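Single-structure report; data block below.
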Amino acid sequence: MSLNTSKATESSSEDHALIVIKNLSKYFEGLKAVDQVNFSINTGELVGIIGPNGAGKTTLFNLLTGFLKPTEGEIVFDGKNIAGWPPFKIAKLGIARTFQLVRPFKYLDALQNAMVPHIPKNMFKKSSTLRNKAIWSLITVDLAEKKNYPAFILPHGDLKRLDLARSFAVQPRLLLLDEPFSGLSFEEAFRVQRLIRDAHEKGMSIVIVEHKLKILMQLVERVLVLDQGKLIGEGSPKSIVNNEKVINAYLGTEAKNYV
Ligand SMILES: Nc1ncnc2c1ncn2[C@@H]1O[C@H](COP(=O)(O)OP(=O)(O)O)[C@@H](O)[C@H]1O
Ligand SMILES: [Mg+2]
């Protein structure tokens, strides 16, 4: 490689930044839930965010999606500072999320739940179009055979995949997944891991907050570490599990086995 490699990488990551977070903070009374955080996500990247409970991970997602207004800082997406925009306007730009706790429409069946995200784009189309798109969503997450089951009888693992189907359906430019593996068995988590990898391979930019570190570290390209609202580490999974500061604050030494 030429001597210019690092410079070239630097300028290309600038060019490809999809979202840039600058000095972002959210304070609740005296509590600094997110504290002067800076990072960017490149187009097509698959990034993990880890950190202890209360580190500010969900608050960060709430800021990025407009569910909370930042105390200060900027969120630059497509060259626009969207900090403080309302959720529906941010969703329209193509930023989608899932929640730590799954929230299906309990009394709708899986198919109806999968139809919901298609409605805005297909308002004036025949309902069969909507239905076909929803069935396709369910097929991609291996739920088609349960399409007529009401959500409230579906096991947790199925609901997690239904949630993924709903978030993929809007073809987001940036997808934020809050603990997609929580409460899943090893096999179920493996299935979800495969679905996320497939979406990433098709070019979707994805950020995942997760506590199941082994499965996360094997999936993502880059990891950000939050602790008490601050970004304390950033790098490849391999560098993160060897980062003293991160080991002391959160991971412990056994983390070396995760990559
Ligand atoms: N709406 C809120 N009002 C007050 N404090 C909050 C609110 N949301 C989160 N917090 C606090 O902010 C900190 C970060 O929370 P959170 O972002 O949920 O952490 P994580 O997702 O990393 O576990 C915690 O101390 C939490 O209690
Ligand atoms: Mg959380």
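Taking the stated definitions as given, is Ala33 at negative phi, in contact with a Ser or Thr (Cβ under 8 Å, 6 or more places away or on another chain), near ligand 1 (Cβ under 7 Å from one of its atoms) and not in a helix (DSSP H, G or I)? Reasoning before the result, please.
Working: at negative phi: yes; in contact with a Ser or Thr (Cβ under 8 Å, 6 or more places away or on another chain): yes; near ligand 1 (Cβ under 7 Å from one of its atoms): yes; not in a helix (DSSP H, G or I): yes.
Here the answer is yes, as Ala33 does meet what is asked.
I'm trying to understand the selection: among the residues of the range 54-65, which are within 9 Å of ligand 1 (Cβ to nearest atom) and assigned to a helix (DSSP H, G or I)? Give the steps one after another, and end with the answer.
To start, the set of residues in the range 54-65 that are within 9 Å of ligand 1 (Cβ to nearest atom) comprises 54-62.
Once the filter is applied, which keeps residues that are within 9 Å of ligand 1 (Cβ to nearest atom) and assigned to a helix (DSSP H, G or I), the range 54-65 yields Lys57, Thr58, Thr59, Leu60, Phe61, Asn62.
Going through Ile196, Ile139 one at a time, which residue ends up being part of a helix (DSSP H, G or I) and surrounded by fewer than 21 Cβ atoms within 10 Å (Cβ to Cβ)? Reasoning before the result, please.
Numbers: Ile196 fails: surrounded by fewer than 21 Cβ atoms within 10 Å (Cβ to Cβ).
The unique qualifying residue is Ile139.
Can you name the residue in the range 41-53 that is assigned to a loop (DSSP other than H, G, I, E, B) and under 15 Å from the mean Cα position of the chain (by Cα) and is also surrounded by the most Cβ atoms within 10 Å (Cβ to Cβ) among such residues?
For the range 41-53, the residue satisfying everything is Gly51.
Could you count how many residues in the range 174-189 are under 14 Å from Val47 (Cβ atoms) and surrounded by fewer than 20 Cβ atoms within 10 Å (Cβ to Cβ)?
Of the residues in the range 174-189, 0 are under 14 Å from Val47 (Cβ atoms) and surrounded by fewer than 20 Cβ atoms within 10 Å (Cβ to Cβ).
When you scan the range 219-236, do you find a residue that is within 25 Å of Phe186 (Cα to Cα), in a helix (DSSP H, G or I), in contact with a Phe, Trp or Tyr (Cβ under 8 Å, 6 or more places away or on another chain) and at pLDDT 95 or above, even just one? Give the derivation first.
First, the residues of the range 219-236 that are within 25 Å of Phe186 (Cα to Cα): 219-225, 236.
Restricting the remaining residues to those that are in a helix (DSSP H, G or I) gives none.
Within the range 219-236, not a single residue is within 25 Å of Phe186 (Cα to Cα), in a helix (DSSP H, G or I), in contact with a Phe, Trp or Tyr (Cβ under 8 Å, 6 or more places away or on another chain) and at pLDDT 95 or above.
Only one residue in Lys69, Lys80 is loosely packed, with under 14 Cβ neighbours inside 10 Å and more than 16 Å from ligand 1 (Cβ to nearest atom). Which one? Explain how you work it out, then say what you get.
On the way: Lys69 fails: more than 16 Å from ligand 1 (Cβ to nearest atom).
Answer to the selection: Lys80.
Can we say Gly56 is under 15 Å from the mean Cα position of the chain (by Cα), crowded, with 19+ Cβ neighbours inside 10 Å, within 13 Å of ligand 2 (Cβ to nearest atom) and more than 18 Å from Thr98 (Cα to Cα)?
Values: under 15 Å from the mean Cα position of the chain (by Cα): yes; crowded, with 19+ Cβ neighbours inside 10 Å: yes; within 13 Å of ligand 2 (Cβ to nearest atom): yes; more than 18 Å from Thr98 (Cα to Cα): no.
Taking the combined requirement at face value, the residue does not satisfy it.
Quickly run through the range 15-30 and pick out the residues that are part of a strand (DSSP E or B), within 13 Å of ligand 1 (Cβ to nearest atom) and either of a type in the set (Val, Ile, Thr) or surrounded by fewer than 20 Cβ atoms within 10 Å (Cβ to Cβ) (or both). Steps first, please.
Pass one, the range 15-30, residues part of a strand (DSSP E or B): 17-28.
Then keep just the ones that are within 13 Å of ligand 1 (Cβ to nearest atom); that gives 24-28.
Answer for the range 15-30, where residues must be part of a strand (DSSP E or B), within 13 Å of ligand 1 (Cβ to nearest atom) and either of a type in the set (Val, Ile, Thr) or surrounded by fewer than 20 Cβ atoms within 10 Å (Cβ to Cβ) (or both): Ser25, Tyr27, Phe28.
Identify, from the list Arg103, Arg173, Arg97, the residue that is at pLDDT below 90, among the charged types (D, E, K, R) and under 18 Å from the mean Cα position of the chain (by Cα).
Details: Arg173 fails: at pLDDT below 90; Arg97 fails: at pLDDT below 90.
Exactly one of Arg103, Arg173, Arg97 is at pLDDT below 90, among the charged types (D, E, K, R) and under 18 Å from the mean Cα position of the chain (by Cα), namely Arg103.
List the residue pairs whose Cβ atoms are under 7 Å apart, where the first residue sits in the range 68-84 and is more than 12 Å from Val34 (Cβ to Cβ), the second is basic (Lys, Arg), and the two are 6 or more positions apart or on different chains.
As it stands, the answer is Glu74/Lys22; Val76/Lys22; Gly84/Lys69, since those pairs meet every condition given.
Name the pairs: first residue in the range 160-185 and small (Gly, Ala, Ser) and within 15 Å of ligand 2 (Cβ to nearest atom), second residue at pLDDT 95 or above and in a loop (DSSP other than H, G, I, E, B), Cβ to Cβ under 9 Å, at least 6 apart or on different chains?
Partner pairs satisfying both residue conditions: Ser182/Glu210.
Applying the selection to the range 14-30, what residues are of a type in the set (A, V, I, L, M, F, W, C), out of contact with any Ser or Thr (no Cβ under 7 Å at 6 or more places or on another chain) and more than 16 Å from ligand 2 (Cβ to nearest atom)?
Looking only at the range 14-30, we keep the residues that are of a type in the set (A, V, I, L, M, F, W, C), and these are 17-21, 24, 28.
Next, from what is left, pick out any that are out of contact with any Ser or Thr (no Cβ under 7 Å at 6 or more places or on another chain): 24, 28.
Answer for the range 14-30, where residues must be of a type in the set (A, V, I, L, M, F, W, C), out of contact with any Ser or Thr (no Cβ under 7 Å at 6 or more places or on another chain) and more than 16 Å from ligand 2 (Cβ to nearest atom): just Leu24.
Under the condition of being away from ligand 1 (no atom under 16 Å from the Cβ) and part of a loop (DSSP other than H, G, I, E, B), which residue from the range 85-101 is surrounded by the most Cβ atoms within 10 Å (Cβ to Cβ)?
Keep residues of the range 85-101 that are away from ligand 1 (no atom under 16 Å from the Cβ), which gives 85-86, 88-96.
Filter once more, so that each one left must be part of a loop (DSSP other than H, G, I, E, B): 85-86, 94.
Values: Trp85: 19, Pro86: 12, Gly94: 16.
Taking the candidates together, the pick is Trp85.
The values are calculated or read from the model by the stated rules, or taken from the named source; none is laboratory data. Fair warning: this is a prediction, and the values are worked out from it, not measured in the lab. For neighbour counting, all protein chains shown are included, and Cβ atoms are generated from backbone atoms with ideal geometry for every residue, glycine included.
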